[in-house]
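Working notes, beginning with the structure itself.
The values are calculated or read from the model by the stated rules, or taken from the named source; none is laboratory data. What you see is a predicted model, and the numbers here were worked out from it, not measured in a lab. Neighbour counts are summed over all protein chains in view; Cβ atoms, including those assigned to glycine, are modelled from backbone coordinates with ideal geometry.
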Amino acid sequence: MIEFLHRPWPWWVAGPLIGLFVPLLLIIGNRLFGVSANLRHLCAATLPSPTEYLRYDWKARGGWNLAFAAGIVLGGFLAGFVFANPDPIAIATSTQADLSALGIVDFEGLVPADLFAADALFSLRGWIVLGLGGFLVGFGAAWAGGCTSGHGIAGLGDLQLPSLLAIGSFFVGGIAATHLLLPLLF
Amino acid sequence: MTSSPNRLGALLVYLGVGTLFGILITKGEVISWFRIQEMFRFQGFHMYGIFATALAVAVPSILLIKKGKIRALNGERIVIPPKVMGRGIRYVAGGLLFGVGWALTGACPGPLFALLGAGIPAIGLAIVSAVLGTWSYGMLRSRLPH
């Protein structure tokens, strides 16, 4: 049983269950699934807000979603720390080869230690991957009005054309960064 | 959500639902930098399988909710505000920037939170940066095309 809890779940188990969160949140409280709104709520809650975009009643509008995000942290702790998968993630051998060629040597865990170890915070590469990367995630999601959950699952799930345009752009940006930007960092 | 015990109860429900979601994206390896690289290199089916099966559930259930005029548990009529296309610039420009960030960090906003819980302290830098990114958008919003 304990061994079972440590095992990763295949896409055909995780995928349909993820899709279920859109109707689940609608039925529980008429809430639309979308995680990046929390970045805006965190701004409104913690940073000076001289613009209207960041000045609103974040507790009333975003309280439910911030609780949802706190739950994600807890879920990550349970599934990724308490019941962590002890084996390296079974990515394609071609991806392993490509990443090895870049200089990634450690394939243990959810993320490469070469980029995410605590000492990454003391390297330029770490600041580009985590600092610039994180900044673009926050800036881009706000500009696009949603992220992988809000556009990719909820928006596409509602057959919204703007969400299709957003998802297509996510992939163009991601593919370009994978092939043009990552090689420059190593 | 009239009295505070009700509000606290509602928050606990969302905390619980969020916990289940966090377990799912972690066990489903959606939060793995390696999986995102595999996806952007078109070398594995895993992430595409996740998206495809998630949508296979989300699309018909949303249609069902709309056609069936289903109400939420609190009695409200469920309304899903449509996304405004406008000139569409925000979706392309914001989307491209988001994609670059997604490839670098290997994490979109949900996974950012899950990785923090999974014991990757360095992801805190990405979270703080993402909040600052959203704040910067807020400051520049009136000058950006949408």
>> Condition first: of a type in the set (F, W, Y), without any contact (Cβ under 8 Å) to a residue 40 or more places away in the chain and more than 8 Å from chain B (Cβ to nearest Cβ). Now tell me which residues in segment A:18-58 satisfy that.
In response: A:Y56, A:W58
> Is segment B:82-90 home to any residue that is of a type in the set (K, R), facing chain A (nearest Cβ under 7 Å), in contact with an Asp or Glu (Cβ under 9 Å, 6 or more places away or on another chain) and at negative phi?
Replying inline: yes
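Please tell me if A:L115 is among the hydrophobic types (A, V, I, L, M, F, W, C) and surrounded by 21 or more Cβ atoms within 10 Å (Cβ to Cβ). Give the steps one after another, and end with the answer.
On the way: among the hydrophobic types (A, V, I, L, M, F, W, C): yes; surrounded by 21 or more Cβ atoms within 10 Å (Cβ to Cβ): yes.
So A:L115 passes the test.
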> Looking at B:G106, B:G117, which one is in contact with a Phe, Trp or Tyr (Cβ under 8 Å, 6 or more places away or on another chain), more than 25 Å from A:T93 (Cβ to Cβ), crowded, with 24+ Cβ neighbours inside 10 Å and modelled with pLDDT of 95 or more?
Replying inline: B:G117
>> Just to be sure before I move on: is B:M47 more than 7 Å from chain A (Cβ to nearest Cβ), in contact (Cβ under 8 Å) with a residue 12 or more places away in the chain and either touching a helix residue (DSSP H, G or I) at 6+ places or on another chain (Cβ under 9 Å) or within 16 Å of B:E29 (Cβ to Cβ) (or both) in the structure I sent?
In response: yes
> Applying the selection to segment A:1-52, what residues are over 15 Å from A:T148 (Cβ atoms), not in a helix (DSSP H, G or I) and not aromatic (F, W, Y)?
Replying inline: A:M1, A:R7, A:P8, A:P10, A:L20, A:N30, A:R31, A:L47, A:P48, A:S49, A:P50, A:T51
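Before we move on, is B:G101 in a helix (DSSP H, G or I), out of contact with any Cys (no Cβ under 6 Å at 6 or more places or on another chain) and either more than 7 Å from chain A (Cβ to nearest Cβ) or at pLDDT below 95 (or both)?
Spelling it out, it is not the case that B:G101 is in a helix (DSSP H, G or I), out of contact with any Cys (no Cβ under 6 Å at 6 or more places or on another chain) and either more than 7 Å from chain A (Cβ to nearest Cβ) or at pLDDT below 95 (or both).
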